[in-house]
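Only one structure is covered here, and it is reproduced in the block below.
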Amino acid sequence: MSKSHRAKPSNQVRIIGGDWRGRKLQFPSIEGLRPTSDRVRETLFNWLSPDIAGAQCLDLYAGSGALGFEALSRGARSCCFIDKSKRVQAALTSSVKMLNCEDRASMILADSGSAITLDHSIDLVFLDPPFASHLLAGTLDWLLTSPSIHPDTLIYIEAPKGHELPACNLFVTKEKAAGEVISRLVGIS
């Protein structure tokens, strides 16, 4: 086989830790949907290890659901997955059934860039919008005014390398660049 031959994407992402370690999640081929890499997820969940048990999570721009399912696998109490794509919603529903976590996972079909009303407090937010979308600032605007967010809420933000955080009431607790991605764990000031 020639070196120029490229394998087609598998549309699978593997859970890397916790109770569901090694389980594979399926996701649809949609432009802009790029699951967080294993390496970046490992770093993130090392950062979150003291905070993940019992956390109520919100996975905005859920896509493959890799971040939310990884959190559930590692002991989060619940995760609400939000995405505007019906195809993504169907794949997330299949993953919830496969992992038998209907009692810990909920889904909302909505645009994460618009204000969303939640009925409980959130301890941890995963915010990883499509890089070309420029939705991060607007999403943070509504998120930081949501009554579901409290002073101890942690927000994980994944963005293209070189991207600056919008001027808002956030402070960076952890930050790492890997390839063309910058990952930040931020708190609310």
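The values are calculated or read from the model by the stated rules, or taken from the named source; none is laboratory data. Remember, predicted model here, so these are calculated numbers, not experimental data. Ideal geometry is used to build each Cβ from the backbone, glycine not excepted, and the neighbour counts take in all protein chains shown. Note: accessible area is taken over every heavy atom of the protein model, side chains too, but ligands, DNA and RNA are not part of it. Shrake-Rupley method; radii C 1.70, N 1.55, O 1.52, S 1.80 Å.
For the reader, a short list of remarks on this structure follows.
- In the stretch 47-64, the residues that are open to solvent by 30 Å² or more (accessible area, probe 1.4 Å) and charged (D, E, K, R): ASP51
- Flag if THR173 is outside any loop (DSSP other than H, G, I, E, B) and surrounded by 15 or more Cβ atoms within 10 Å (Cβ to Cβ): no
- Within the set LEU44, LEU72, LEU67, LEU33, the sole residue that is open to solvent by 30 Å² or more (accessible area, probe 1.4 Å), touching a residue at least 40 places away in the same chain (Cβ under 8 Å), outside any strand (DSSP E or B) and among the hydrophobic types (A, V, I, L, M, F, W, C) turns out to be LEU33.
- Search result, residues across the stretch 174-189 that are under 11 Å from VAL40 (Cα atoms) and of a type in the set (S, T, N, Q): SER183
- Among the residues making up the stretch 81-107, those that are in a strand (DSSP E or B), of a type in the set (A, V, I, L, M, F, W, C) and surrounded by 22 or more Cβ atoms within 10 Å (Cβ to Cβ) are PHE81, ILE82, ALA105.
- Residue among SER189, SER183 that is in contact with a strand residue (DSSP E or B) (Cβ under 8 Å, 6 or more places away or on another chain) and exposed (fewer than 12 other Cβ atoms within 10 Å of the Cβ): SER189
- Meets criteria (touching a Ser or Thr at 6+ places or on another chain (Cβ under 7 Å), at pLDDT below 95 and part of a loop (DSSP other than H, G, I, E, B)) for PRO166: no
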